[in-house]
Amino acid sequence: MNAIYVLWLRQLKRYIRSRGRLVSSIVQPLLFLVALGFGFGPIYAKAGGGNYIEFLSPGIISMSILFTAMISGIEIIWDKQFGFLKETLVAPVSRFSIMIGRTLGGATVAMMQGVLIFIISLFVGFRPEKIFMLPLTFLFMFLIAFLFTAVGTAIASRMEDMQSFPLIMNFLIMPLFFLSGSLFPIDQLPKALKIATMVNPLSYGVDSIRGTLTNTIHFSITLDLLVLSLITIAVVFIGARLFSKIEA
């Protein structure tokens, strides 16, 4: 437990010290909120969809968590190249604990990012209808963060080239984001796209955050929680197996 706490704390310190990373991680979600929210808002309203900012904000919160969580895996490659990971692996601590500690740290950072975007969205015009559901919203935010941090960690544990990691992440992140229902309702999608959204784990994360903050939900809170929990457990298991094979 001590190793998990130390690695978790180290991830937080990295995030706090990296002011440039903090600023850059805010700019993109804010741009999506303002440009898309106000740009497509009138069109969305004329189509009978209501307030687009209220629909869009949960998706942008999820996007912010996704991007931050997945990219956190690059720190493993960084630590490989500069020797810190070797020092960690030779310590008398199980590699599962090391993997969980790093994943918890990255997930906490990603969730903090999501909370920050949630606060910013309030200034943009988002008004949650279910304030009493906020604790459940934060639970789903953490599940999303933990799931995709574990995905990033699992992929990074099998890579050596730092420059290739962002390319692979973008190859995964963009389809996950655009096929999650973050930007548009998935009720009336063509069958092929609807199937793609249903097998996308982020869809359940977006749906859960949107459902707990507003009255709009596609699946159900119970199904969202079940799917996210099961996939997170599976990914953590796979990630732990891959991480255990890293050579010290």
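What follows draws every value from the coordinates through simple rules; no lab data is involved. Given the structure is predicted, the values throughout are model-derived calculations rather than measurements. A quick note on method: Cβ atoms are made from the backbone with ideal geometry, for glycine too, and the neighbour counts reach across all protein chains shown.
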How would the range 154-248 be classified by its alpha-carbon gyration tensor: rounded, prolate or oblate, with rounded meaning a/c under 1.5 and the a/b versus b/c comparison settling the rest? prolate
Global form of the range 108-195, assessed from the alpha-carbon gyration tensor, a/c cut-off 1.5: oblate
If MET174, MET111 are placed from fewest to most neighbouring beta carbons inside 10 Å, the sequence is MET174, MET111
Between LEU223 and MET159, the two model label points (7 Å from Cα along the beta-carbon direction) sit apart by a distance in nm of 3.3 nm
Based on the Cβ-Cβ distance from TRP78 to ALA45, what FRET efficiency comes out when R0 is 45 Å, to the nearest 0.05? 0.50
Enclosed volume per residue, in Å³, of the convex hull spanned by Cα atoms of the range 25-65: 46 Å³
Per-residue counts of other Cβ atoms within 10 Å, averaged by peptide: what ranking do you get for 54-67, 97-110, highest first? 54-67, 97-110
Based only on other Cβ atoms within 10 Å, what is the fewest-to-most ordering of ASP207, ASP224, ASP187? ASP187, ASP224, ASP207
Sort 129-136, 114-121 by the packing proxy (mean of other Cβ within 10 Å over each peptide's residues), most packed first. 114-121, 129-136
Least to most buried among VAL206, VAL227, by other C-beta atoms within 10 Å and fewest first, runs VAL227, VAL206
Rounded, prolate or oblate: which fits the range 91-159 when a ≥ b ≥ c are the square roots of the eigenvalues of the alpha-carbon gyration tensor, with rounded for a/c under 1.5 and prolate only if a/b beats b/c? prolate
